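The numbers here are math on the coordinates, done by the rules we state, and not lab data. Only a predicted model underlies this, so the values are computations on that prediction, with no experimental measurement involved. A quick note on method: Cβ atoms are made from the backbone with ideal geometry, for glycine too, and the neighbour counts reach across all protein chains shown.
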Amino acid sequence: MPDVPMTKIHPIQSQHHADIELLLDHCFGPGRFARTAERLREGNQQIEAYARLYLDDGQVRGAISYWPIRIGDTPALLLGPLAVHPSLQGKGVGLALMRESLKLIDQARFKAVLLVGDLPYYERVGFAVGADAIRMPGPVDRARLLVHVPDAMDAAALAGMVRPAPDLC
C-alpha cells in the first residue's frame, strides 16, 4: 500500500461541508440515512476538532467525522462516516484519515470510539469487536460493532445503551 501524503489531510472547515455531503452521497447513497448509526447522529453535533478530510488537487476525496455518544454512562465517540472517493479506495487514504484523527482524541474526555464496520479493515488501527453488553438503538450485526479504547481501559467494561450525547460537545 503506497504512503499517503499527510500534507493532503486537513481539518474540516465550513466551506467543505457541501463537498463532504456530495462525497458521502457518492460513496453511500441515500441508504446511509436508514442505518442505525445515523440514529446516533440525529440531533447530535459532530466534533469538528477531530474531523479530517483528504484533499487531492483541491477536491474533497476523503472525510472522517466523530460524534459524541455515551455507552451506558461512559463518554465516547462514534466514528463515521468514513468515506473515500472510489478512485482512491484501497490506496491507504481511509487508514491515514483514521490514524491521524485518532491521535487527536482527548482520551481523558472520551473513553472509547465506537463504529459499525468490517473488522478486517478497522482492526489495522486497533478496533476490536465490542462487548455483547453494548446495546445500539436499532439493529446491528454484533460482529460489526467495533470499539477502540486506550490501553489503560478494558473494552469488556463497556456496557449499556448507546445514545447521542450532544452535551459533550
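What do you reckon, is G58 over 28 Å from G160 (Cβ atoms), in contact with a strand residue (DSSP E or B) (Cβ under 6 Å, 6 or more places away or on another chain), of a type outside the set (D, E, K, R) and free of Cβ contacts under 8 Å to residues at least 40 places away in the same chain? For G58, the condition - over 28 Å from G160 (Cβ atoms), in contact with a strand residue (DSSP E or B) (Cβ under 6 Å, 6 or more places away or on another chain), of a type outside the set (D, E, K, R) and free of Cβ contacts under 8 Å to residues at least 40 places away in the same chain - is not met.
Any residue at all in the range 152-165 that's in contact with a Cys (Cβ under 9 Å, 6 or more places away or on another chain), touching a residue at least 24 places away in the same chain (Cβ under 8 Å), closer than 24 Å to F28 by Cβ and not in a loop (DSSP other than H, G, I, E, B)?
no
Screening L53, L79 for residues that are more than 30 Å from D154 (Cβ to Cβ), surrounded by 19 or more Cβ atoms within 10 Å (Cβ to Cβ) and not charged (D, E, K, R) leaves exactly one candidate, L53.
Of everything in the range 92-109, what is of a type outside the set (G, A, S), out of contact with any helix residue (DSSP H, G or I) (no Cβ under 8 Å at 6 or more places or on another chain) and buried (at least 17 other Cβ atoms within 10 Å of the Cβ)? Give them in sequence order.
V93, L97, I105
Applying the set (1) surrounded by fewer than 17 Cβ atoms within 10 Å (Cβ to Cβ); (2) farther than 23 Å from R39 by Cα; (3) in contact (Cβ under 8 Å) with a residue 60 or more places away in the chain to D73 leaves exactly one unmet item: (2).
Taken together, the residues in the range 39-50 that are within 19 Å of L102 (Cα to Cα) and in contact with a helix residue (DSSP H, G or I) (Cβ under 7 Å, 6 or more places away or on another chain) amount to 2. When restricted to residues that are closer than 15 Å to L77 by Cα and charged (D, E, K, R), the range 136-169 contains 2. Out of all the residues in the range 7-19, is one or more closer than 30 Å to P139 by Cα, of a type outside the set (G, A, S), in contact with a Leu (Cβ under 8 Å, 6 or more places away or on another chain) and surrounded by 15 or more Cβ atoms within 10 Å (Cβ to Cβ)? No - not one qualifying residue is present in the range 7-19.
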